Amino acid sequence: MAKIAVLPGDGIGTEIIEQALRVLRALELPLEIETAPVGGAAYEVHGHPLPESTLRLAMAADAVLFGAVGDWKYDKLERALRPEQAILGLRKHLGLFANFRPALCYGQLTHASSLKPELVDGLDILIIRELTGDIYFGQPRGRRTAVDGHFPGAEEAFDTMRYSKPEIERIAHVAFRAARQRSGGKGGKVTSVDKANVLETFQFWKDVVTEVHAQYPDVELEHMYVDNAAMQLVRAPKKFDVVVTGNMFGDILSDEAAMLTGSIGMLPSASLDANNKGLYEPSHGSAPDIAGRDLANPLATILSAAMMLRFTLQHAEAADRIESAVGDVLSAGLRTADIWSGGTTQVGTRAMGDAVVAAITKKSIRTKS
Ligand code: IPM
Ligand code: MG
């Protein structure tokens, strides 16, 4: 039986994970689910955002379903103890170097986008973010010298941007393969985003991606500077297919791409290791301002559970059922507040979960009869 480690985390994490679990239960798959605290919630109990017991559970599981971490109340803690370190630690310890962040605009939500409907209608792009290298994991200054997470009297601070050749090669392979697969064997296109005009790290990135491309002559490769990519994403997002980039640029561009789809509350993500073991989480954060108020959109988490079924657990049909149930619910006009524009019935977190569960159950009755 497949083992899933469920780490709800902080803020809205608990509420959205609860709905995703209800959806998974409705599918009646043979899954063994175990839950553990992470982030601020774990700090409160164990004094660390990623306790040994949680890390062990995640490592032993086939897949991890993750909510969100973070709360302003931990801003004063030294960096190593802040909730965000839990997700960074999980990515590093589990070797989750390939982060898939699809930006797919549901036809029903074109009016919720901040762009004109014609620019996003039918949008289906995939951002692939390298997740275990770059400035996120380069040598920082100050971890040891910080006092309460701050640097009283310091004159400077720095982080180091760094990529090795194998790190770039493996993510480039992931991107070219994904482009091929999405295009149904017709090739597709990869846009490699860099800042080669200024940064050595990204000239190197560009060179290595170009070298790997020689093995994928059917896939089109284009290079784009990150500032231009940020602009093109809001000018003509449909011109992209697969975007591959480093950890930091990917962090920023994926939030931007999320908004094209109407709301970051719609965006799932998968972070995979070399063997397709993965951690699945919504692209959004813990939103402490709306936590516990039944306001959060659970769809990104529910769709992340679908990605988990497809990529790691090989239950593609169950994943399809979740995705089509989400489509049905949106077509029926149900909307959480973040995607309200164009809806007919405003619902909370739980009622949105109810509706997806109902859509799944109805379908299974229909297929059984
Ligand atoms: C994300 C988040 C994280 C990141 C934070 C919470 C560490 O913004 O997953 O995009 O920067 O990677
Ligand atoms: Mg981010």
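Each value in this text was obtained by applying a stated rule to the coordinates, not by laboratory testing. The structure presented is a predicted model; accordingly, all values stated were derived computationally and were not measured. Cβ sites come from the backbone with ideal geometry, for glycine too, and all protein chains shown count toward neighbours.
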Checklist outcome for this item: Residue ranges of DSSP H helices in the chain that stretch 24 Å or more (Cα, own long axis) and have mean Kyte-Doolittle hydropathy of at least 1.0 are none
Checklist entry - Can you work out D for the chain in µm² s⁻¹ from Stokes-Einstein, where Rh is the Kirkwood radius over C-alpha pairs, the temperature is 37 °C and the viscosity is 0.692 mPa s? => result 155 µm²/s
Next on the checklist: Within a 10 angstrom radius of the beta carbon, how do Glu317, Glu84 rank from fewest other beta carbons to most?
Outcome noted: Glu317, Glu84
Next on the checklist: Using only the Cα atoms of the stretch 99-269, what are the Rg and Dmax in Å?
Outcome noted: 17.6, 58
Checklist entry - Quick one: if you stick a label point 7 Å off each Cα along the C-beta vector at Ala332 and Gln203, how many nm between them? => result 5.8 nm
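Could you work out how much longer the chain between Thr345 and Trp72 gets when fully extended? Use 0.36 nm per residue separation minus the Cα distance between them, nm to one decimal.
Full extension of this stretch gives 95.1 nm more.
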Checklist outcome for this item: So for R0 = 22 Å, FRET eff. of Phe158-Ala80 from the Cβ-Cβ r, to 0.05, ends up at 0.80
Checklist entry - When the distances between all Cα atoms of the stretch 1-137 are binned every 10 Å from zero, what whole-number percent does each bin get? => result 11, 31, 33, 20, 4
Checklist outcome for this item: Quotient of Cα radius of gyration and Kirkwood radius for the stretch 66-148, i.e. Rg/Rh, equals 1.13
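Using the Kirkwood radius over Cα pairs, work out the Stokes-Einstein diffusion coefficient for the stretch 162-247 at 10 °C and 1.306 mPa s, in µm²/s as a whole number. It would help to have the intermediate numbers written out before the result.
On the way: Rh = 12.9 Å.
My calculation gives 123 µm²/s for D.
Using 20 Å as the Cα-Cα cut-off, could you pick out the over-long pairs in Lys189/Lys239; Lys165/Lys186; Lys116/Lys238; Lys238/Lys277; Lys3/Lys277? Could you put the intermediate results ahead of the total?
Working: Lys189/Lys239 10 Å; Lys165/Lys186 28 Å; Lys116/Lys238 12 Å; Lys238/Lys277 30 Å; Lys3/Lys277 11 Å.
Distance filter (> 20 Å) returns Lys165/Lys186; Lys238/Lys277.
Averaged over all directions, how much area does the convex hull of the C-alpha atoms of the stretch 241-300 cover when projected, in nm²?
On the way: hull surface 21.2 nm².
Average of the hull's projected areas for the stretch 241-300 equals 5.3 nm².
Tell me, what is the FRET efficiency for Ala60 and Asp227 to the nearest 0.05, using R0 = 45 angstrom and their Cβ-Cβ distance as r?
Details: r = 43 Å, r/R0 = 0.95.
With a Förster radius of 45 Å, E is 0.60.
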